[in-house]
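The values are calculated or read from the model by the stated rules, or taken from the named source; none is laboratory data. This structure is a prediction, so every number in the text was calculated from the model and none was measured. Glycine also receives a Cβ, built like all others from the backbone with ideal geometry; neighbour counts cover every protein chain displayed.
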Amino acid sequence: MKVLSKLANHVSAYCLFILCAISYAHANPSLKLSGKQVNDSGRVTIVLNSNGFNAKTRSSFTIGNRTESVQRGLTVIHFNSAQKFEHRNFDTYADVEACQKIIDIIRKMQLDNAAFAILAHDSATNVVLNQSEQLTEMGLIEMRALESRQAYTMYSHQGKIYEEVDNLSVSTTFTLPDHLSDSKIYFPKIKYEFEPSNDRYIAHAGGEINGVTSTNTKDALDINYTKGFRLFELDIIETSDGKLVAAHDWNMWARFTDFGGTLPPTHAQFMQEKIYGDYTTLDMKGINDWFRSHPDATLVTDKVNDPIAFANAFVDKNRLIMELFSVMAVEEASRNGINVMISQIPFFKIVGDKLNFLEINKVNYVALSRRAIANKTELMLSLKEKGVKVYVYHVNFDPGKDEKYVQENEIGLVYGMYADKWAFSLPIDKQSSEDSK
């Protein structure tokens, strides 16, 4: 009998964990599922994949045929019904305040007898959670004992709590009860107002051409200029003989060109190749010729971290923004009047007042992963207030997080994005004004 009881409890817990899968990491806090995502019995099928740090893969959940990735820390999901939920991510690994916030929201949900779930990704705990008596009082024994880098899922429904922990990964499946109904909203969506402008959009690696991204080619610049882009990112790397050219990296370039020689190629070899046999590669002469013939276009560089050398090689320093990857490079560019976009790693490593550093060094742009902004709302608003323009990358890297999603959910909190394709509507007078500059 003990064996059967233990097995029954295990199966029950195993099933209920899956509701955690709905940890919809960044998105619209209230999502309604389509009829295609509901099975014949009217129940929603959910698959949870929680991965700890050592799994070296992103955690995700699947609802019907839709899969979403989640972010580092703990994501809380509140179920309004079988077809509607809201969620919020808390970076409980790096943010002490996030730990107390998640404790508070769990307490509220328990008092309201709400159905909710929690899913961990990467590393999700710190000393604040490990020492929390409140977690013990709320029955979250495994969460309190959670070790860094472990996978974790938890589900609470009708006052019952189910938790599971694994050193590497947890994967479970569940169908949500169709009678669930709860109208309360714990995570109201905040809408940030902004004025449409084409300087909010940077054509990533020149922008998409015929469905192909990251080409860094003249053809990509040409077609995306006609679509509306005026800021163009190019990845700048060196050939074996020290010439600057536009390519994301040599392995990708070799795949794009079927190049079979030694990498990196010489400048002459680089210029002989076409991307996918059709698209024209760019060296500094090609880059300068194109921007010289498009005087309202601005170049945003990636990869290169030598601001003086590149700025001296470029046709117009006033139409150049350089993403830089060290504090030393940022300070060097600042002393020489070069427009700087500080990259994420050196930005977050700044010790002390980040805004003061940017002001002293006349840095007006910051490049951040869109995955990093959800738990940095106050910092993003402070940068906005100071007139610092934050552009987010990793658009189209996570399922469902495309240009339209970022435009509707994140622009306004941040200034703009690196976009593969033009998916934006601008007022005619605004577009005309921008084009005439």
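Inspect the range 29-43 for any residue being modelled with pLDDT of 85 or more and either in contact with a Phe, Trp or Tyr (Cβ under 9 Å, 6 or more places away or on another chain) or assigned to a helix (DSSP H, G or I) (or both) and give the result as yes or no. Show your work before the answer.
Initially, the range 29-43 is screened for residues modelled with pLDDT of 85 or more, giving none.
Checked the range 29-43: no residue is modelled with pLDDT of 85 or more and either in contact with a Phe, Trp or Tyr (Cβ under 9 Å, 6 or more places away or on another chain) or assigned to a helix (DSSP H, G or I) (or both).
If the Cβ limit is 8 Å and pairs must be 6+ apart or interchain, which residue in the range 105-134 that is on the phi > 0 side of the Ramachandran plot pairs with which residue that is surrounded by 23 or more Cβ atoms within 10 Å (Cβ to Cβ) and hydroxyl-bearing (Ser, Thr, Tyr)?
If the second residue must be surrounded by 23 or more Cβ atoms within 10 Å (Cβ to Cβ) and hydroxyl-bearing (Ser, Thr, Tyr), the pairs left are Asp122/Ser59.
Test Thr213 against the criterion of being at pLDDT 95 or above, surrounded by fewer than 14 Cβ atoms within 10 Å (Cβ to Cβ), of a type in the set (Val, Ile, Thr) and assigned by TED's automatic domain parsing to the domain that holds Tyr276, and give yes or no.
Judged against the criteria, Thr213 is not a match.
Could you tell me how many of the residues in the range 321-341 are surrounded by fewer than 20 Cβ atoms within 10 Å (Cβ to Cβ) and either touching a Lys or Arg at 6+ places or on another chain (Cβ under 9 Å) or not small (Gly, Ala, Ser) (or both)?
Going through the range 321-341, the residues surrounded by fewer than 20 Cβ atoms within 10 Å (Cβ to Cβ) turn out to be 325-328, 331-332, 334-337.
Checking which are either touching a Lys or Arg at 6+ places or on another chain (Cβ under 9 Å) or not small (Gly, Ala, Ser) (or both) leaves us with 325, 327-328, 331-332, 334-337.
Number of matching residues: 9.
Six or more apart or on different chains, Cβ atoms under 8 Å: show the pairs whose first residue is in the range 246-257 and closer than 13 Å to Gly206 by Cβ and whose second is hydroxyl-bearing (Ser, Thr, Tyr).
Here the result reads Ala246/Thr217; Ala246/Thr281; Ala247/Thr281; His248/Ser214; Phe256/Thr215; Phe256/Tyr276, each pair linking the range 246-257 to a residue that is hydroxyl-bearing (Ser, Thr, Tyr).
Please go through the range 75-116 and give me each residue that is over 20 Å from the mean Cα position of the chain (by Cα), modelled with pLDDT under 90 and of a type in the set (Gly, Ala, Ser), ordered by number.
Ser81, Ala82, Ala115
Cβ-Cβ below 6 Å, separation at least six or inter-chain, first residue in the range 169-197 and aromatic (Phe, Trp, Tyr), second outside any strand (DSSP E or B): which pairs?
Listed pairs, sorted by first residue: Phe174/Cys15; Phe174/Ile18; Phe174/Leu19; Phe187/Pro29; Tyr192/Gly412; Tyr192/Leu413; Phe194/Gly412.
Within the range 177-199, does at least one residue satisfy the condition of being in contact with a helix residue (DSSP H, G or I) (Cβ under 9 Å, 6 or more places away or on another chain), at pLDDT 95 or above and surrounded by 23 or more Cβ atoms within 10 Å (Cβ to Cβ)?
No - not one qualifying residue is present in the range 177-199.
Name the residues in the range 355-395 that are buried (at least 19 other Cβ atoms within 10 Å of the Cβ), free of Cβ contacts under 8 Å to residues at least 60 places away in the same chain and either over 19 Å from the mean Cα position of the chain (by Cα) or not in a helix (DSSP H, G or I) (or both), would you?
Leu358, Val363, Tyr365, Val366, Ala367, Leu368, Val388, Val390, Val392
Being aromatic (Phe, Trp, Tyr), closer than 23 Å to Asp199 by Cα and either over 31 Å from the mean Cα position of the chain (by Cα) or surrounded by 20 or more Cβ atoms within 10 Å (Cβ to Cβ) (or both), is that true of even one residue in the range 260-270?
no
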